[in-house]
Each structure stands twice: as structure tokens, then as C-alpha cells.
Amino acid sequence: MKTRNTLVLFVLLAGLFVYLKWFDKNFEGTDAKKDKKGRVVQIDRDSVTSVTIRNSEGTLQLTKSPDGNWLLDSPVKDRVDSLAISTLFTSLESLRMDAVPAGKGGTLETFGLTKGEVSIRLNGKNPVELLIGKDTAVEGKVYMRVEGKDTAYVAGKDLRDQGAKGAKDWRDHKLSDLTATQVNKVGIKTAKGEFEVEKTSNHWSLTKPFKGRADDQKVNDLISNATTPRIDEFVADTKDLASFGLNEPRATVTFTAEGVKDPVILQIGNAKKIEKPAEKKNDEKKEPEVPAAAATPTHVYVKLSSRDGVFTVPVAIESLLEAQPNDLRDQNIMRVQSDMVDRITIEAPGREKIVLGRSGEEWVRKMDKQPDKPANGGAANKLLTHLTTMKVARFVADVAGDAKQYGLDAPVATVTLSSYSTEGTPETKPGDRPLAKLILGKFEGAAGYAKLDEEPFIVAVPALLLEEVWTDPLQWQELKVQELKAEDVTSFDVTRAGQPTLTFDRDKDKKWKLAKGDGTVSQGAAESLVNTLANLHAVGWAGATNAAEQGLDKPNVTVTFTLADKKAGKLSVGKNTPEETWNTTLDGKPGTFLLSKPDFDALNASLIEVPKPAASNGAPNAPNTPPPTVPAPPVAVPAPTTPPGDTPASAPKPKLIQSPPEDRSPASARKPARDAKPKP
């Protein structure tokens, strides 16, 4: 029973499906009927292989090539304007015609439809020819019929206007269909010389008269300037090329492009002369003379090997006549993408090799047979950014020549950027893969000489670059100098220049008190000092310690401290710099770092509160009793200044990457931090 019901249901569903398909096929909806109303011909542009147009100028033959582009075969051979052919098909697809009732208004001959004033024939799978005749009495309408049928129709005149166009209106007015992405080699020859550029791995390089990197954008702009000008005039008579200056062109540009069998050659001839207006007769009113400046030529003659004929294009194309190799050179010091760099290696004579490597988002210093050490990531990123984006000051020499002249025989430093892979490929082994190696030579004033190892030419680079290439490993230490818990500091001594040492201990309530002597301790100032000690950050590292030069042989402030585990530490603050940072050392930490002004102020603040004088009640002092004395509290040492003449003469050191110090004390006890600019 169940099986029979299932079969019946299946038959009913199948019948319903067949009925719906039949209904859909034979009964059109309202929208479909409206769409078909007035459509006499159905056009499928994809199936059309050629178009023949006959008008008052003759017959034009347009053919679609295998790659889908339209070409003009006659009366001249050329590319068809893609917009013009697309507009024609759009007009044909949207054509609506109303039939003229039989015997009303005239005959095919009176309508101009015997042969038609204009005919458009579409060849292909379903060929059709439209004959277009005279204007109707209604403005904007013309008579039209389909070849092979006698019915006359009335339709809009847009299609006739398109069919009436001459060959020049169908020709592509864009000089060339080449694109910058398609072109892979360009050669330019002018009276000034000859040069070539070639594209490899999506980057342009100069190959003649010398080898070097080219600026990708500048080369692409040059190609665009040469290929995209709009043609103003298609010259009819082109037999005498000499009359256009094309027998010996002023410039010849040769393009080699992917997918194009033969090179495309552009020749630039003479400027088109502006014809003077015909002389007026004596009885005619003369126009005012045109100023000389207005007669400057606006177009030049050109010829393209991939197209027949001679054309005029705007005079702006003459910029190619002035193009020179140096105009196209890549001004960047090197062509490297920063996100591809995993290693920065710095080498200098007599110095330890420095290798900085990425570790996630941070930078570390890589050392043989030792764990990685955190590095100054801000400085590493800044150096990398400058190496990959900084421009050369000038090109000094196209060939290295005498390296000694530029100090490149004994460079002050070399910087190598490389990527790193833990796994090998069929072409490469695991490990570093150098991307660029920059050799830095002699530096004088605001610039110095440099050279990429793999390139022959020498360039001048800003001196700022050398200041950021630190060759002292100590300078690359992380900016976090010390990190403790402030509550673990149980006591500290403060010694300031010219003042006795003060010792402070915590009492049972964790408050600070003087270990010796009387006086009220400023708890805010003491906590601020301890917080600074516990979370000590550097603005930058000056490098190796030179006690005399940095004022650390006679420090301005010395702080020794003891922790709960009985460990001790010592902080010494020496001379300040013009940027208001202080040379500072911490026992157990190699090198001298630069302390910010807010941190120095916290270490140098007065720690003893000044007692207020007792209020006077008007009673005279007892006889022979001296007035009470108030002990003078220790005062803060004024921030020392270094006269210009007191700075010892020494070799210039790199400037340091600065990081603003963190505020590690209560808001009431600390001044707002501000950026400090260190100077070695």
C-alpha cells in the first residue's frame, strides 16, 4: 500500500514539473512582453565576427580578432576604438522600431530604404543587415528596415549617426595599447645618447650605458608618457616621411613586451607647424595679429611600428627627448623591503661583530654559544627604516675606481641585511640569506661615501646614517636597566657633591627615617627616589664607560641601596649633556647609560622636610638663653651644567635612540616625564 502511494505521489510531482516547464516556455510575463515590444532584430554581440558599414564615405570593414579585439580592415588597417564599437552594439541591442502601416506615408523609395543611405551588416552566427534611410517628419526619427524584408520602421537616429562616421572616427585614438605591466624592456635613443632599462622580478634596472637600479615608478611613468597620448590627427598622405621629420627622427623609443612578437618602435619627428590664417582682402576687416607666444607648436608628428600611418599627438611627448639615465635611477640607498629583513649585522675594524635578530615583534642580540640578549628594538627598527627608505645625497661615481679615495678600501663599518630561514629549499640552504650589504667609507661634514657590495657605483649618503650605525655592542643593550620591587629596598644612602652622606632605613611601619641625626623625611621624595631605582630605564646607551669624560670619577649623585635579601647596588650619576640627560652607571651593568631629566630630578630631590619656625607669643627670651636653632637640612645639588669648553675632545659617537622614561612614582611625588634627546 505504501509503495503504491509513493508511486502515485512521484507521478503527480513529475507531471507538475513538466507542466511548469511548459508554462514557463510558452507564457511570457509582463516584463518579458514589454522587453520584446518593438524588438525587430535580436543581437548577440558575442556571436558577431565582423561588421560591414556602408555610408557616404564608402565601405568600412571591422573584424574581431581571435583575442576579442576589434580591428579596422578597410579602408585602412588599424585598431578600432573599443568605446566606439561597444557603443554601436549597445545601440543595436536596445534598438526599438515601430512599423509603418502599409500604404501610409509613402514607399520604400520615398523613405530612402531601397538601398538605404546607411547600412550596417552584422556577420556571424545570425547575420543581419539594417538599412537606414531618410529622416521622418518627427524630429530625431529615421526610417529603417531589415534587408530581405519590405516592412518599413521608424526608429531613433542614434544608430544612423554611428553608421555615418568615417574611418578616422572608428580608429583608436590612444597611441598604443601597450601597458607598463606588459613592457619588460625599453630603449631610448636621442641626440643626447642612448640608454636601456630592463625589468627583472618586477623591478626595473638600467642596463646601458651602465648597470644600476632604476626607479620603478619613474620608468612606468616614462612608458605611460610614451604610449598613452591621444592622437589628434590621422595624417592622410604619409609617403614623404621627411616632411614630418620621421626619416631621421629626433627620438626613437623601442618597447619589448610580453606576448608581443616583435618590438614596438615609436619615432618622434618634427613639431607640427601652425599655419598662418589666409591674408584678408583690403575690403575685409583684419583680425588682430596673434602674439608670437600663441604660435608655439602644440603637437608633434609620430609613427608607431604596430600601426599604419603618421599621427599628431600633444607636444608633451617631447619630454622623452630630455630623458637621461640619471633621471631614472633609484634614489634609495638600497632596494630591500623591511619586512623581509630578519637579521642586521654590523661590522667595524677592531670591534666585536654585532648581529641583531628578530624574535617575534622584538629584537635580540645574537651571540655565538650564548643565549640571546634583549636589544634596543626602537633603535634597530629606526636603523632598518632609514636603510630601506633613505635617499642618496648624490651619485658620486658609476664605477668604484679608486676605493681609497672614498675610504672604501678600509670602511668604517659595513651593514648587512639578511633574511633567515630555519628550513632549506631546493635552491637554498637553511640560515641567513643576504639581501644587501652596505659599505660605509669616509665621512666628511654632512655626508659620507657608501657603496652596495653587489653594485659598482659609489654614492654619497647623509651623515645621519653613520650616527645610527652603532659599532659598540654596549649601545645596543635594551633600555630597561633594572627592574626590582620597590618594597624590597630596605635602606639607601645618598651622597651629593659637596654634602655629607645621608642614610635612610625603613621603620616598622615601612616609612622612611634617617638612620643618623634628626629631621623629618619627606616620604613622597623618598618613595619617588626608590621607585626610580627599582624601575630604572635609560634614554639610551652612551657605550663604554669613560669615568673622566663622563664625570663619573667625581659623580654628582651616588645612591647605594640594600635589598631585603641583603644584596646591594650602587648608582652613580655624572655629567649632564646638552640634551639634559645624565651619564649614569649601575654596578654590575656594563657601560654608561643616559638618565632622563625626570629620573635625575627624582634622585636629586630634597629628602628632608624643612621645619616651620615656632609661632612667637610675644614673650621675651629668658636671660642668657640663646635663641633656638634649626638645623639646615641637606639641599638638592643643582643640576650641573657643562660649559662648551669643558667637553673633552674626542671622536664623534653615534646619536642614541631615545625612549621616554616611565613614571614609576606616586603622582604627587613626581614631575611629569618628558622626552629627552641624548647625545653621546
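The values are calculated or read from the model by the stated rules, or taken from the named source; none is laboratory data. Because the structure is predicted, anything quoted here is derived from the model rather than measured. No Cβ is skipped: glycine too gets one built from the backbone with ideal geometry, and neighbour counts run over all protein chains shown.
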Which pairs have Cβ atoms under 6 Å, sit 6 or more apart or on different chains, and link a residue in region 562-575 that is in contact (Cβ under 8 Å) with a residue 12 or more places away in the chain and buried (at least 18 other Cβ atoms within 10 Å of the Cβ) to one that is of a type in the set (Phe, Trp, Tyr) and assigned to a strand (DSSP E or B)? Gly569/Phe561; Val573/Trp582
Please find, among Val302, Val364, the residue that is out of contact with any Leu (no Cβ under 6 Å at 6 or more places or on another chain), buried (at least 20 other Cβ atoms within 10 Å of the Cβ), modelled with pLDDT of 95 or more and under 30 Å from Arg79 (Cα atoms). Val302
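Condition check ((1) at pLDDT below 95; (2) of a type outside the set (A, V, I, L, M, F, W, C)) across all residues:
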position	(1), (2)
Phe234	yes, no
Arg250	no, yes
Lys261	yes, yes
Lys273	yes, yes
Lys281	yes, yes
Ala293	yes, no
What number of residues within region 462-482 satisfy the criterion of being polar (S, T, N, Q) and either in a strand (DSSP E or B) or within 25 Å of the chain's Cα centre (by Cα) (or both)? 2
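Residue-wise test of (1) in a strand (DSSP E or B); (2) polar (S, T, N, Q); (3) free of Cβ contacts under 8 Å to residues at least 40 places away in the same chain.
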| residue | (1), (2), (3) |
| --- | --- |
| Gly106 | no, no, yes |
| Phe111 | no, no, no |
| Ile120 | yes, no, no |
| Glu139 | no, no, yes |
| Tyr143 | yes, no, no |
| Lys149 | no, no, yes |
| Ala155 | yes, no, no |
| Leu159 | no, no, no |
How many residues does region 64-93 contain that are at negative phi and not in a strand (DSSP E or B)? 20
Taking the options Phe443, Phe395, name whichever one is of a type in the set (Phe, Trp, Tyr) and closer than 25 Å to Leu206 by Cβ. Phe395
Mind counting the residues in region 481-526 that are exposed (fewer than 14 other Cβ atoms within 10 Å of the Cβ) and closer than 30 Å to Gly357 by Cβ? 1
Considering (1) basic (Lys, Arg); (2) in contact with a Gly (Cβ under 7 Å, 6 or more places away or on another chain); (3) farther than 27 Å from Arg79 by Cα, say which one Lys211 fails and leave the rest. (2)
Report yes if Ala393 is buried (at least 16 other Cβ atoms within 10 Å of the Cβ) and either within 31 Å of the chain's Cα centre (by Cα) or not assigned by TED's automatic domain parsing to the domain that holds Gly540 (or both), otherwise no. yes
Among the numbered conditions (1) in contact with a Gly (Cβ under 6 Å, 6 or more places away or on another chain); (2) hydrophobic (A, V, I, L, M, F, W, C); (3) in a strand (DSSP E or B), tell me where Leu408 comes up short. (3)
Among (1) under 30 Å from Lys442 (Cβ atoms); (2) in a helix (DSSP H, G or I); (3) small (Gly, Ala, Ser), which single condition is Ser319 missing? (1)
Could you tell me how many of the residues in region 438-496 are basic (Lys, Arg) and without any contact (Cβ under 8 Å) to a residue 60 or more places away in the chain? 3
